[in-house]
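Notes for the one structure printed next.
The values are calculated or read from the model by the stated rules, or taken from the named source; none is laboratory data. Just so it is clear, the structure is predicted and the values come from calculations on it, not from any experiment. Cβ coordinates were reconstructed from backbone atoms using ideal geometry, including for glycine residues, and neighbour counts include every protein chain displayed. To get the accessible areas, we keep the full protein, side chains included, count just its heavy atoms, and leave off ligands, DNA and RNA. Shrake-Rupley method; radii C 1.70, N 1.55, O 1.52, S 1.80 Å.
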Amino acid sequence: MAQDKVEQDDWLILYLKYLLFVFNFFFWVGGAAVLAVGAWTLVEKSSYLSVLASSTFAASAYILIFAGALVMVTGFLGFGAIIREDRSCLSTYFCLLLVIFLVELVAGVLAHVYYQRLSDELKQHLTRTLSENYGQPGASEITTSVDRLQQDFKCCGSNSSADWQHSIYILSQEAEGRQVPDSCCKTVVARCGQRAHPSNIYKVEGGCISKLEQFLANHLLLMGAVGIGVACLQKHEGKCLGPGTWGPT
């Protein structure tokens, strides 16, 4: 009878060990996904960040990168603890899970909250950026960002191409008679912005604001969903498989 109970306990521990291993694998994959989303956002979309008044968008991405890297390191610690069946390592592992849960939850909530403020910020800031900062000395980064924004999204002006009529750059001699920047043109060549005809420049309803608003909303919701989703997975894992899974060593 006692031998049967020992065998049953051994089987249960082995079962829990493999279950924890599977959970940890998905946890590690989730961390890689979080890191990838944050890094992709910064590397591929960083050129648009300078046209935003707030740094919350970039901050959310940096938090996700930090959390994702911490998840992957913690995942390796978890694999080691499972293989060695070391309770002290498991305790450290689950403490790190709690920290990561909080970090990813903050990043996810931050992205979601910022999404709510996105429209107002864009409407106020982008129009001012185009009229006051574009093409000005010391604002080359903004100029490059706006040019790429208009080319990538095939738009012209914050609300419409008419917004450029109030631009300091367009009203200056440096514009050389341009009615809009060359980046508004469907085919960009030198001084193509001198002709603001629909056949030559992009005429998009809602202008670049509507395009950028939708783009950022999609990415912030993605970052928020990934951050909160992985955080909830970690919380579930921590409740089901706590450090007391294996008895005292």
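Overview of results
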| item | result |
| --- | --- |
| 5 angstrom amide H check on ILE201, placed H, neighbours 5+ away | LYS186 |
| For GLN179, distant residues with modelled amide H under 5 Å away | GLN194, ARG195 |
| Karplus-derived 3J(HN,Hα), 6.51/-1.76/1.60, for each residue of segment 126-131, Hz, glycine and proline x | 5, 4, 5, 4, 5, 7 |
| At R0 = 30 Å, FRET efficiency that the Cβ-Cβ distance of GLN165 and SER199 yields, to 0.05 | 0.95 |
| Largest-first ordering by accessible area, 1.4 Å probe, given options ILE170, ILE100, ILE65 | ILE65, ILE170, ILE100 |
| Whole-Hz couplings from phi, Karplus 6.51/-1.76/1.60, listed for segment 21-36; x for Gly and Pro | 4, 5, 4, 5, 5, 5, 4, 5, 4, x, x, 4, 5, 4, 4, 5 |
